[in-house]
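Undergrad: This is the structure I want to talk about, given as structure tokens.
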Amino acid sequence: MSDDAVTDVDPNALKSDLEEIKGAIGLAEDHPYWWRFWIVEGVSVGLFFTIAQFWFRGSSGPLIAGTLVAILAVDYAVKRRLKSSYEPPMTGLPSQRFWMGAVLVGIGALVVGLIPVFEALEGTNAIRLALVSAVAVVGTAYLLMGQLLSAYNIRAADRYAFYAGGAWMLVLAAAIPHISAFEGWEYAVLGIGIALQHVAVYVVLARR
């Protein structure tokens, strides 16, 4: 390369090119543990809601409660292990812990506010109302996370995974109560539906 070619390099253009490359970085490259969280959460959610369904159907409460706590504990441990297996990322990410905490607080406020409504409903409708309300909050939170990731220069594929997840949850929340075949198994159907979507996202992102 000639000296003239070296001196002709535009620093601003070079900086712009580097920023473009940085902007193409996705969760799978710079934050691989987040990418793998999809399959961990898919399996955990599928098991959690399917087992919880038997609680609503009158099965042994203490045994099921212990199983649900164990699923949450394993989910947390696996995520913690995945995250500790990688170097801290060079670029930031929104705090998943804060995000999930905000979602849980929102669901808690919704449930507390709806207590008088739950008390006025018979069991089946109360369970359906709880499902629709909670899943609508979580689905909306997923959509907002997809939008938030755009501020962190995360690639479109990873953002669309959250958009798709949020949209699918909203579809499940709106559709499940209207399908008579799902009556009495609403939470199991929800868990399986979310699990399938999360595993599909993992498979798609694994190929990118």
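The values are calculated or read from the model by the stated rules, or taken from the named source; none is laboratory data. Small disclaimer: the values here were computed from a predicted structure and weren't measured. SASA here: full protein model, heavy atoms, side chains in, ligands and nucleic acids out. Shrake-Rupley method; radii C 1.70, N 1.55, O 1.52, S 1.80 Å.
Undergrad: How fast does the range 116-208 diffuse by Stokes-Einstein, in µm²/s, taking the Kirkwood radius from C-alpha pairs at 25 °C and 0.890 mPa s?
TA: Once the numbers are plugged in, D ends up at 171 µm²/s.
Undergrad: Taking 0.36 nm per residue of separation and subtracting the Cα-Cα distance, what length does fully extending Lys83 through Arg57 add?
TA: 5.7 nm
Undergrad: Just the number, please: carbon plus sulfur as a percent of the accessible area of the range 119-167, 1.4 Å probe, no ligands or DNA/RNA counted.
TA: 63
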